[in-house]
Amino acid sequence: MTDTRTIRARALRRPLVPAYEPILAPVEIPEAHYRFTLLPDYLAARAVERELFQSGIANPYFRSIESIAGATATIAGRSLINYASYNYLGFSGDPRVSEAAVQAIAQYGTSASASRLASGDRPIHRELEAELARVLGTEDAVTFVSGHATNVTVIGHLFGRKDLILHDALIHNSVLQGSVLSGAKRVTFRTTTGRRPIASSPSIARFRARADRDRGRLQHGRRHPGPAALHRAAQPPSYFPDGR
Ligand SMILES: Cc1ncc(COP(=O)(O)O)c(C=O)c1O
């Protein structure tokens with residue numbers, strides 16, 4: 001009984017080669033392809049960090065909050081006014097919400113253990129969406145795990161190559177990523193947040209000029225402007241050093 005490998009070798013008129021012998025000579029893989037500290041994104045993040053430290057701004061990222069993130073939050077034992085969370089209605093930390101969460105954990109566990117499409121759907125998902133639709137006066141509602149996932153998923157799905165998306169030049173990354181995913185044509189316009197003071201501050205004006213120049217390079221596919229520029233280009237107005 002001739003085995004499939006022989007039949008295939010004959011069909012391809014190729015000599016039979018032993019299966020265990022490597023066909024290709026081992027190739028030298030550049031270190032930058034596997035050493036984490038040489039990965040471009042890692043180097044980009046370090047460059048941004050260096051730029052932050054050089055301008056004397058304390059690194060705003062990954063500050064560990066030791067309390068409920070409400071109007072105030074505790075960081076390193078200090079109670080601080082919190083401008084960085086969206087617990088606007090104070091639901092997080094509300095005893096009624098916490099109690100309901102405990103009951104839900106007791107019934108469903110701490111994980112949906114699959115996407116809702118597969119087997120992760122729970123009655124409470126439907127109850128929440130029905131209540132949101134009732135409150136918002138819509139036919140139905142769909143909830144996602146985060147705002148970022150919502151924008152990327154919904155914009156990336158609803159729009160396509162035949163569409164044009166006009167968006168604020170400093171729009172949130174999730175909207176940008178959703179727009180890019182959709183394949184729609186994108187046209188950006190200068191931010192119209194109405195916060196004119198932003199333009200008046202010299203350092204902000206310098207920062208914006210550099211961000212616009214970098215964004216211009218990005219949009220016209222010119223040489224990659226480097227991590228810091230990417231970082232500048234992707235920042236929302238609230239990021240600017242004078243805290244406005
Ligand atoms: C305007 C805007 N859209 C989307 C998001 C993403 O939301 P999430 O942090 O829930 O992913 C944010 C988060 O800050 C945001 O400010």
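The values are calculated or read from the model by the stated rules, or taken from the named source; none is laboratory data. Only a predicted model underlies this, so the values are computations on that prediction, with no experimental measurement involved. When we count neighbours, we look across all protein chains shown, and the Cβ atoms used for this are built from the backbone with ideal geometry, even at glycine. Heads up: the accessible areas ignore ligands, DNA and RNA and are worked out on the full protein's heavy atoms, side chains in. Shrake-Rupley method; radii C 1.70, N 1.55, O 1.52, S 1.80 Å.
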Practice task
Scan the range 44-63 and report the pairs whose first residue is farther than 25 Å from S85 by Cα and whose second residue is assigned to a loop (DSSP other than H, G, I, E, B), with Cβ atoms within less than 9 Å and a gap of 6+ or a chain change.
Solution key: A44/G226; A47/G226
Fill in the blank from the handout: Of the listed residues (A84, A133, A104), the one being of a type outside the set (S, T, N, Q), modelled with pLDDT of 95 or more, surrounded by 10 or more Cβ atoms within 10 Å (Cβ to Cβ) and closer than 23 Å to I68 by Cβ is A104
Exercise for the section: Could you grab me the full set of residues in the range 140-166 that are more than 9 Å from the ligand (Cβ to nearest atom) and in a loop (DSSP other than H, G, I, E, B)? Expected result: D140, A141, V142, T143, F159, G160, R161, K162, D163
Exercise for the section: Tell me, yes or no, whether the range 165-177 has at least one residue that is of a type in the set (G, A, S) and under 21 Å from Y86 (Cα atoms). Expected result: yes
Practice task
Could you check, for the range 163-178, whether at least one of its residues is open to solvent by less than 100 Å² (accessible area, probe 1.4 Å), in contact with a helix residue (DSSP H, G or I) (Cβ under 6 Å, 6 or more places away or on another chain) and under 26 Å from A101 (Cα atoms)?
Solution key: no
Completion exercise
For V97, the lone unmet condition from (1) of a type in the set (A, V, I, L, M); (2) open to solvent by 90 Å² or more (accessible area, probe 1.4 Å); (3) within 22 Å of G70 (Cα to Cα); (4) not in a loop (DSSP other than H, G, I, E, B) is (2)
